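The values are calculated or read from the model by the stated rules, or taken from the named source; none is laboratory data. If you're wondering where the values come from, they're calculated on a predicted model, not measured in any experiment. With ideal geometry, Cβ positions are generated from the backbone for all residues, glycine too; neighbour counts draw on all protein chains shown. We work out accessible area using only protein heavy atoms, side chains counted, and drop any ligands, DNA or RNA first. Shrake-Rupley method; radii C 1.70, N 1.55, O 1.52, S 1.80 Å.
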Amino acid sequence: MTGPRRARSLLKTIHLWIGLSLGVVLSLVTLAGATLLWEDPIVEATHHELVDRPLPPPAQQATALGRLLALPQGQGLRGISLPSDDMPVFEATARGGDKLYFDAGTGQYLETRHASSDFMLLVMGWHTKLLSGEVGETILGIVAIAGLVMLISGTWLYWPGRRRVISHLKPHARPPILRWASWHRMVGFSALPLLLVMIGTGTTMAYRGAVRNGLVAVFHDAKPTKPPAVGTATGPINWPAVFTAARAAAPEAEFSRVMLPNKPGMPITLRIRQPGEWHPEGRSSLWIDPVTAQVVASDDARNAGQGARINNALYPIHTAAVGGMAWRIVATLTGLMPSFLLVTGFLFWRARRRRPPGRKPA
């Protein structure tokens, strides 16, 4: 066997065994991702007690925020998602991944969705960290890279040339070995661009810090704005004054999330979404002094460098936060493709093993 043929044979073996091993994990991860694309309507349908509520005015929400932080369930919370038309309650994530909910008008504690038992939180935990914390996130990154290797190697191994593309991708019904091989090739080639986008952007989520730093370095972006040091609050924060100052500083923005100082001398961070931003929560920020309730600095994501803007676009593309219903449906179907490729690849492998001696493989 010549060198090129030996290399091709080795690549076929790698493609096969990665597909039949890590491909199982990748398929389950992408199935979970396809489910998560519909997380909001699923949560709304299964938790009427949270969504069937009026949205109180901003001033009332601000007062309620102070009250919920004084509750036993509010102690130790650092990040709180603000009420919206779709989810008119405060939502906070506790250590361990539990989701806590509070009334938007009174701050009263409502309920907790537990990461260990809530279906959608389990799906999220599997899709993002394989239910194994940081170790699972690292493994997931490896699995995603393996998926990209399978896609690229499969395309290289079975590319028939431009003149034979149509005939080569034609599906067959019989014999079984040709049926499964043809369906595997056809779907793999047809869905390749979408799979590269979805798995590729998902890979960047696992290595988001390195990806962000790499893009910023490649495009020579200016250093990002850092929050300044401020006074240390010794009493309750005047939340109505905080939100009044924030509204004056960003009159067109949607307020999405509040992050409390994690150490003395740090400001409150208010995540906002400026008009034109793709990210569902926005990537812009206001930093507010908890003592004076004044905005001391801001960061408008629309003015970020090219590298940062590309990085900010990856998550919305992956989660179908942009593109409307059409892209969400396409992304959902793309999430089902690895499972189809796994099944057809396995059936092709089984049919080939059962092939009578002397018969050429498909």
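Just a few scattered comments:
- Counting all C-alpha pairs of the stretch 1-116, share separated by more than 22 Å (%): 52 percent
- Gaussian network model of the chain, Cα within-10 Å springs - most flexible of HIS127, HIS48, HIS15: HIS48
- The share of accessible area on the chain that comes from carbon and sulfur is 61 percent, using a 1.4 angstrom probe.
- Contact order, relative form, for the stretch 23-104: 24 percent (alpha carbon pairs under 8 Å, 6 or more residues apart, mean separation divided by residue count).
- Farthest positive-ward along the chain dipole, Cα basis, beta-carbon charges - from ALA94, LEU26, MET266: LEU26
- The mean accessible area for residues of the chain, using a 1.4 Å probe and ignoring ligands and nucleic acids, is 55 Å² per residue.
- Net charge dipole, the stretch 1-133: roughly 1200 debye, given to the nearest 20, about the Cα centre with Cβ charges of +1 for Lys and Arg and -1 for Asp and Glu.
- Each Lys and Arg contributes +1 and each Asp and Glu -1, all at the Cβ; summed about the Cα centre of the stretch 238-348, the dipole is approximately 140 debye.
- Selection of chymotrypsin sites (Phe, Trp or Tyr not before Pro), the stretch 1-99, meeting DSSP coil and at most 15 other Cβ within 10 Å: TRP38
- Each Cα pair under 8 Å and six or more residues apart adds its separation to the average, and for the stretch 126-246 the resulting relative contact order is 24 percent.
- Reachable lysines from LYS223, criterion Cα separation under 27 angstrom, eight or more residues apart if same chain: LYS263
- Candidates THR112, THR30, THR234, ranked by Gaussian network fluctuation over the chain, Cα under 10 Å, top entry: THR234
- Calculated [θ] (222 nm, deg cm²/dmol) that DSSP helices of n ≥ 4 give over the chain, each run adding -39,500 (n - 2.57): -17000 deg cm²/dmol
- Structure-derived Cα extents along the principal axes in Å: which label, when the choices are [x] 89, 49, 33; [y] 71, 48, 40; [z] 84, 47, 34: [z]
- Helices in the chain that qualify as membrane-span-like (whole DSSP H runs, Cα extent of at least 20 Å along the helix axis, mean Kyte-Doolittle hydropathy of 0.5 or higher) are 22-36, 133-158, 192-206, 324-353.
- Per-residue packing, averaged as other Cβ atoms within 10 Å, sorts the ranges 296-308, 317-329, 143-155 into the order 143-155, 296-308, 317-329, beginning with the highest.
- Reciprocal mean inverse distance between Cα atoms of the stretch 257-332 - Kirkwood radius, Å: 13.9 Å
- Cβ-placed point charges (K, R +1; D, E -1), dipole of the chain about Cα centre in debye, nearest 20: 3260 debye
- Ordering of 335-343, 186-194 by packing [mean C-beta count within 10 Å, highest first]: 335-343, 186-194
- Relative contact order, whole percent, for the chain stands at 20, derived from Cα pairs under 8 Å and 6 or more residues apart.
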